[in-house]
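Scroll down for the structure; my scribbles are underneath it.
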Amino acid sequence: MRDAAGATTPDREVLARVFGFHDYRPGQGEIVAAMLAGEDVLAIMPTGGGKSLCYQLPALVGGRLTVVISPLIALMQDQVAALRENGVTAAALSSATAPDERDWILDVVREGRLRLLYIAPERLASERFCDWLAGLGIARLAVDEAHCISQWGHDFRPDYLRLGELAARLGVPVGAFTATADEDTRAEIVRRLFAGRRPRSFIRGFDRPNLSLAFQPKASPRRQVLDFVAARPGQSGIVYCATRDRAEGMAAALREAGVDALTYHAGLDADERTARQTRFTRGEGVVMAATVAFGMGVDKPDVRFVVQADLPKSIEAYYQEIGRAGRDGLPADTLTLYGADDIRLARARIDEGDAPPERKRADHARLSALLALAEAPACRRQTLLAYFGEAAGPCGNCDLCREPPERIDGTEIAQMALSAMLRTGEGFGAGHVVAVLRGEADDRIRRLGHDQIRTFGVGAAHGRGDWQAWLRQMLALGLCTIDGERGGAWRVTEAGWEVLRGTQPVELKRETPARKAAARKGALPAPRMAPEDEALLRALKARRAELAREANVPAYVVFSDRSLIEMAARRPATPSQMGEVHGVGAAKLERYGDTFLAVIREAG
Ligand code: ADP
Ligand code: ZN
């Protein structure tokens, strides 16, 4: 794009020449402009929105150095490697920096050639280091994963507290970047980092249209996960599990099915965790079965799927976890399994925790929002975005848009179920309630006399699966709750009483046969390329893997999947055509252009 005078603006020129990108992602242009104008900036963008570019690009427009604070050494190193591949003079300074690298950094800083210096927050503990920084005359400070400064954020780091002092002392504009959007975190970032100044805030939409969304009731979770992964051979993905044991078990089952799977959880020692994370990041087609400990610093752009084998604890956690898929903007699939047991456990966990009452109430509300999403009547993305305060139309990329369920008047059904709960004294779980509804008398039911109550057998016309699904929907609609203190007993809420009184109609969903079949497959159909392109893409990927190994960098640092897919589809024949491909900037064209042109030529 060009400015009014028809000339390319300096930032656009850098975008194309250095990064090989034809356009900004939504929001990036405004943030870059504000940074270049010397404003303080607080930018909240969804994972994969392209935050790094917002501070990397301004660093290449002005003449002075940009300092970036980043929480993880591995993350800094990968970013520096990627920048260098693009021909940018960048460096990372941490406790892991080798002495000769350190000397080199001092040299290029002195010569004024260094554009970006990444530093780990723990460096700020050293007075001498801060003095040195202050003497450099830097252009601006960029703080990545800025929620680390907040006790409300998920990844609070005490080292980050020193940042506020440093920022005040340097007296340069500060850009703070995070994907965490809640009010408390945002307020604390501003208070701690901007010392009374008001940063210009940019809050980017939360939509990630390339992520497909799907939920499935938990039937046989291991089977469901294996089917989902088997439908995506060779893809990298994450399978989140509630506990370490479950993660171990899942990885073992995946390995048995021939998948290159690893486990990751907080019970492993630090070296082992780093080694596994590196294997995941650098490898192709590695699947990580992990607990939520696998989180920060997972910035591999080509994670093609995320499965949540157990229900996450809130809608925020849901979005953060699935958000680790598809950062590169290419299609990526997500699947969340949930069952009534998950819901009961999650409620109990909140109740048993030692958080103050108002926090517990908030946690229950966040969990309820997730359940409402799980049982959403129509487009899931609409429900999700509505929670984050955004209006949207039906997305076409969720299970409910693709296979809309049949909507039925569920008033009578709900009344039957609620009265079964009441007449059994609101003391029983879903299995018992369904058995009573269907008129299935076993010893326990007879002993309790539940085969004598009026609702016994009134719902015999419907299958067990239907009843289970309706109970979950009623739970999500808030017509009943699960009482953690009474061993998971289902109870009728105020809203449920309205339904019983007949003052409130209820709409429920019925699984259509098509939806059931799709749910069994667990997979949305994968978009396919032409077979010749597919063969070429494989060859390009093989070449990329070799080059990445030689340079000891992750494959995506050489070229992103998107670049290779474009090469396979467009088949550039000359260096200038190659330079048109997404992600091929001047440095990469020079370094890899001929190699990849040769692969394309050989493919004919
Ligand atoms: P975030 O930190 O916001 O999660 P990243 O900065 O890691 O996201 O960017 C995610 C991916 O998007 C990276 O692979 C990056 O190269 C790519 N990207 C960023 N900006 C653009 C753009 N303008 N056009 C195309 N791809 C982009
Ligand atoms: Zn949808």
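Some notes on this structure:
- In the chain, Rg over Rh equals 1.02, where Rg is the alpha-carbon radius of gyration and Rh the Kirkwood radius from pairwise Cα distances.
- Evaluated at q = 0.07, 0.17 Å⁻¹: base-10 log I(q)/I(0), Debye formula over Cα of the range 211-404: -0.19, -1.17
- Extension reserve of the W132-A539 stretch, reckoned as 0.36 nm per residue once the Cα distance is removed: 141.7 nm
- For the range 370-496, the gyration tensor built on C-alpha atoms gives a prolate shape. Its axis ratio a/c (a ≥ b ≥ c) is at least 1.5, and a/b is the larger of a/b and b/c.
- Descending principal axes extents, the range 150-235, alpha-carbon based, whole Å: 56, 27, 26
- Magnitude of the charge dipole, the chain, Cβ model with Lys/Arg +1 and Asp/Glu -1, debye to 20: 580 debye
- Dipole magnitude for the range 211-404: computed about the Cα centre from +1 point charges on Lys and Arg Cβ and -1 point charges on Asp and Glu Cβ, it is near 120 debye.
- By the Stokes-Einstein formula, at 0.890 mPa s and 25 °C, the range 98-159 with its Kirkwood radius over alpha-carbon pairs has D equal to 182 µm²/s.
- For R366, neighbours were defined as the other residues whose beta-carbon sits under 11 Å from its Cβ, and their charges (Lys and Arg +1, Asp and Glu -1) total +1.
- Using a probe of 1.4 angstrom and keeping all protein chains present, the accessible surface of the chain works out to 44 square angstrom per residue.
- Separation of alpha-carbon centers, the range 65-125 and the range 343-369, rounded to whole Å: 42 Å
- Projecting the alpha carbon convex hull of the range 531-602 along each direction and taking the average yields 4.1 nm².
- Kyte-Doolittle at least -0.5, axis length at least 24 Å by Cα - qualifying DSSP helices, the chain: 357-374, 586-603
- Carbon and sulfur %, accessible surface of the chain computed with the full protein complex present, 1.4 Å: 50 percent
- Placing +1 on the Cβ of every Lys and Arg and -1 on the Cβ of every Asp and Glu, with nothing else charged, gives the range 192-240 a dipole about its Cα centre of roughly 420 debye.
- Value of Rg to Rh for the range 10-203, rounded to two decimals, is 0.93; Kirkwood radius and Rg both from alpha-carbon coordinates.
- Diffusion constant of the range 346-423 at 20 °C, which comes from Stokes-Einstein with the Kirkwood Cα-pair radius and 1.002 mPa s, µm²/s: 142 µm²/s
- In the frame of its principal axes, the range 10-85 has Cα extents of 30, 27, 26 Å, reported largest first.
- Segments 123-132, 47-56 sorted - mean Cβ within 10 Å per residue, highest first: 47-56, 123-132
The values are calculated or read from the model by the stated rules, or taken from the named source; none is laboratory data. Quick caveat, the model's predicted, so the values are computed rather than measured. A quick note on method: Cβ atoms are made from the backbone with ideal geometry, for glycine too, and the neighbour counts reach across all protein chains shown. Please note that ligands, DNA and RNA were not included when accessible areas were found on the heavy atoms of the full protein model with its side chains. Shrake-Rupley method; radii C 1.70, N 1.55, O 1.52, S 1.80 Å.
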